[in-house]
Amino acid sequence: MKGKRLNHYLAALCAAGLVSIAGSARADSWEQALATCVPGGPFDTCVKALKAANLTVRDRPLGAQGREAGFELQAPFGGVSIRTFNGAQDRIVAIDIIAFLDKGKERGEVLSFFKSEAGGAKQDRASVAGAGQDCGADGWGVAWLGTKGDQPEVELQLDSPEATSPRDTVADRFKPEDALVKREGNGTVHICFLLPKPSVTSNGFIDAPTLSPKLFKAFLQSPYFHGKARPKGAAPAASSPAQANEARGSVILPPEAQRALFDVYYVDPKEQAAFAATCGKRAADLNGDGQPEFVVELEMQGGSDGRAYCDDVLLAAEGGGYAYVADVDCCNYKMIPAAGGKGGEIQCTDGKKKTVFAWKGSWPHADKRTTQSKVKADFDKGRELLKAGKLAEAKPLLCSYRNASGSSENPEFANGCATVLLRLKDTVGAEGVLNTAVEHHPDYNAFYANLGTLWELKGDGAKAVSYYEKYVAAAAPGAGRDAIKKRIEDLKQGGK
């Protein structure tokens, strides 16, 4: 699995659970909606407008600091994040657009655009103070001030300088423009439009910005954004009718390829059709056998650093069906079919073109992933060990589903893992498994019996009863239901 450069506030799943991007909205309606989200404007009105434009909007609290809403964009952008902070009266404090820009000419052109639009506005070094928190690495970029206060209203700042030594982290060693344009960093730039505080020590924010709304709208209409930025899930910009047809969804996974996909990447069965339809796909016959291969782009939340990761898999036609054969680098793909006795290639078209896969006579048959077939075999073995009371041996087998990838998990597997963890009195592990599983599968009733057991072990009988009662209300008649009913009676009577 390769790390993809994405705003760490904008992790989103390719399939269900969020508002999906629909084809009914005009191609530019999302840009019109975004243009209503000016610094100092009402945060809730902005979020409603974005959702009305059929964007996949993630709205979440920022701990005790405020709220953030955002959506993902296709390369060469990562996404847009819109934040409000406490003390701002629910106004937009920051609009953070993530752009993937090469150092040198590409960044220099964007910088020149902002310098021209800013006119005589004071230019300074960017920072992450006040409204600019989370707008990149402190000091590694350029900022412009409005006429109110001494804090920036617009910033261009590197996401990370990718320092190679402690001394290399000091931005002040470079002029602000050089820090932005000449430093490679991780290739990611934050373009932030802000409602600043009057000063770095102020508690509140200014009443209205004088520069950032104008520059924000100018940037949205500029060739650096308009026609170049597209939401994830929408058709990418196409340079030919053939590319346009492919981008509009003419690549359809046949049933055999879908079976291979969902063996390597679990998706709730009721969501699989939508998932297969909306995920990014490219197709070409790479080995010249007359059958197309598919690259499917998957996305998931993950990573200990809080960032999003993409998973791109190659599915190859083989033996009358399809098989997962390789992971390939995350990027925008061009698939070149086999021709004239030469094998096909998969090329990455982000920035400098590079070949990420080439047919050389056989498929690699990657074994990096734990497939659902393997998880099911482990589960069956683990369940027998659990029945035999061999808990330590059962645990790795029943919990092996956590090594598989997917946008959710098979609820039966998750419940088996929680059961053995509870038998081992691992309440922390069981609680983590159950909380995640219930979020994905709230109608899987067996979870609630285990949640009751969990809270009994934690010493909260009242909470245990509430979960047991939820289980009983939906459980079919039988010994398991009767045992839980008896447990409820005992707990209510103060029994152990």
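The values are calculated or read from the model by the stated rules, or taken from the named source; none is laboratory data. As the structure is a prediction and not an experimental result, all values here were calculated from the model. Reconstructed Cβ throughout: ideal geometry from the backbone, glycine too, with neighbour counts over all protein chains shown. For the accessible areas, the whole protein counts, side chains as well, though only heavy atoms, and no ligand, DNA or RNA atoms are used. Shrake-Rupley method; radii C 1.70, N 1.55, O 1.52, S 1.80 Å.
Quick notes on this one:
- Hey, residue 60 touching a Pro at 6+ places or on another chain (Cβ under 9 Å), within 19 Å of residue 133 (Cβ to Cβ) and surrounded by fewer than 22 Cβ atoms within 10 Å (Cβ to Cβ) or not: no
- Contact map, segment 432-457: first residue open to solvent by 20 Å² or more (accessible area, probe 1.4 Å), second residue aromatic (Phe, Trp, Tyr) and not in a helix (DSSP H, G or I), Cβ cut-off under 8 Å, separation 6 or more or different chains; pairs are 438/444.
- Count of residues meeting criterion [part of a loop (DSSP other than H, G, I, E, B) and modelled with pLDDT of 85 or more] in segment 287-342: 10
- Scanning segment 73-86 for residues that are in contact with a Phe, Trp or Tyr (Cβ under 6 Å, 6 or more places away or on another chain), open to solvent by 40 Å² or more (accessible area, probe 1.4 Å), farther than 27 Å from residue 228 by Cα and not hydrophobic (A, V, I, L, M, F, W, C) turns up nothing.
- Counted residues, segment 180-202 - those being open to solvent by 20 Å² or more (accessible area, probe 1.4 Å), of a type in the set (A, V, I, L, M, F, W, C) and closer than 29 Å to residue 87 by Cβ: 1
Residues checked against (1) among the β-branched types (Val, Ile, Thr); (2) open to solvent by 40 Å² or more (accessible area, probe 1.4 Å); (3) closer than 30 Å to residue 181 by Cα; (4) modelled with pLDDT under 95:
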position: 2; (1), (2), (3), (4): no, yes, yes, yes
position: 15; (1), (2), (3), (4): no, no, no, yes
position: 19; (1), (2), (3), (4): yes, yes, no, yes
position: 23; (1), (2), (3), (4): no, yes, no, yes
position: 39; (1), (2), (3), (4): no, no, yes, no
position: 66; (1), (2), (3), (4): no, no, no, yes
position: 94; (1), (2), (3), (4): no, no, yes, no
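- Tally of residues being under 17 Å from the mean Cα position of the chain (by Cα), assigned to a loop (DSSP other than H, G, I, E, B) and of a type outside the set (A, V, I, L, M) across segment 74-96: 2
- Taken together, 127, 112 contain a single residue that is of a type in the set (Gly, Ala, Ser), more than 23 Å from residue 36 (Cβ to Cβ) and in contact with a strand residue (DSSP E or B) (Cβ under 9 Å, 6 or more places away or on another chain), which is 127.
- Scanning segment 463-472 for residues that are among the aliphatic types (A, V, I, L, M) and without any contact (Cβ under 8 Å) to a residue 24 or more places away in the chain yields a single hit, 472.
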